[in-house]
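Notes follow the structure.
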Amino acid sequence: MDVGNILVWAVWFAAAFACLGSGVAVVWFSNPFYSALALIGNLAALAVLYLLLSAEFVAAAQVLVYAGAVMVMFLFVIAYLGGRADAPWAGGPTWQQVAAVSAAGAILVEVVVAVSLKAGGRLSSEPPVDAFFGGPHQIGELFLTHHLLAFEITSIVLLIAAVGGVILGAHSRKLEARVDR
Amino acid sequence: MLIRRSPLIILLALEIMLNGSNLALIAFARQQGTADGQIFALAVMAVAAAEVVVGLGLIVAMSRRKLPLDVDRMTTLRG
């Protein structure tokens with residue numbers, strides 16, 4: 001094993017454990033502000049993993065869209081809500097919590113078993129890809145040729161979400177005026 | 001996602017779930033040697049952004065009407 005491989009392993013190890021740890025931290029913190037900060041760490045670690053999987057464009061989009069736009073919006077809303085955003089734990093373990101945790105464990109076991117049965121031996125070998133793979137050139141070409149319908153549907157979904165956000169804001173302002181009166 | 005009651009934390013946990021699926025898509029795209037999974041991951045990211053817009057809009061609307069930010073106490077759809 002040469003130095004480059006060891007470096008890749010070290011980066012992978014650090015990013016994977018940062019990803020898992022910050023994911024647990026998001027659920028663990030009772031202050032939503034710390035949860036959102038942990039989620040930013042999670043997204044950054046995921047971007048490193050995407051880079052290791054030679055998905056450069058998706059990693060850049062992840063950092064720009066998630067860490068740049070979505071999380072800033074989250075932090076704005078948490079600051080706007082102030083102390084009301086605090087989310088204490090629901091109390092002792094209810095049947096819902098027990099069922100949620102055991103269902104998550106069952107799905108994890110199922111995925112691991114299914115993947116290892118289907119592709120056990122082939123997971124360690126990866127097909128060679130050129131520098132072209134995963135770059136903006138290839139992504140743009142695929143989006144505008146093979147996946148044009150998905151591209152257009154994505155744009156319509158984003159447009160509808162923007163309209164929905166505006167309508168929700170305007171509607172709640174009207175209702176607020178009615179509550180105040 | 002099911003063990004917390006604040007809608008904000010539920011949205012954050014939803015982001016983690018979507019990112020987990022994104023990571024799987026990109027990993028299998030790399031294993032197959034095709035970039036189609038990366039296209040799908042980008043579509044998932046767009047859907048996640050749209051969902052955050054609508055979810056945060058709902059949370060702000062709830063807080064403006066001084067409703068409790070607790071999903072167990074939001075049991076009716078009537079305004």
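The values are calculated or read from the model by the stated rules, or taken from the named source; none is laboratory data. Just so it is clear, the model here is predicted, and its values are computed rather than measured. Positions of Cβ are generated from backbone atoms using ideal geometry, with glycine treated the same way; all protein chains shown enter the neighbour counts.
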Tally up the residues in region B:16-27 that are over 24 Å from A:Leu159 (Cα atoms) and either at the interface with chain A (Cβ under 7 Å from one of its Cβ atoms) or surrounded by fewer than 16 Cβ atoms within 10 Å (Cβ to Cβ) (or both), please.
5
Taking region A:8-52 and keeping residues in contact (Cβ under 8 Å) with a residue 40 or more places away in the chain and either assigned to a helix (DSSP H, G or I) or among the aliphatic types (A, V, I, L, M) (or both) leaves A:Val8, A:Val11, A:Trp12, A:Pro32, A:Phe33, A:Ala36, A:Leu52
Output the residues belonging to region B:1-59 that are within 18 Å of A:Val48 (Cα to Cα) and of a type in the set (S, T, N, Q).
B:Asn19, B:Ser21, B:Asn22, B:Gln31, B:Gln38
Residue hits (region A:83-124; at pLDDT below 75, closer than 25 Å to B:Leu12 by Cβ and assigned to a helix (DSSP H, G or I)) are A:Gly83, A:Arg84, A:Ala85
Suppose the filter is modelled with pLDDT under 80 and surrounded by 14 or more Cβ atoms within 10 Å (Cβ to Cβ); does A:Asp130 pass it?
no
Checked region B:28-43 for anything surrounded by fewer than 18 Cβ atoms within 10 Å (Cβ to Cβ) and either closer than 19 Å to A:Gly21 by Cβ or touching a Gly at 6+ places or on another chain (Cβ under 8 Å) (or both); matches are B:Phe28
Every residue in region A:131-159 that is closer than 22 Å to A:Leu53 by Cα and β-branched (Val, Ile, Thr), please.
A:Ile139
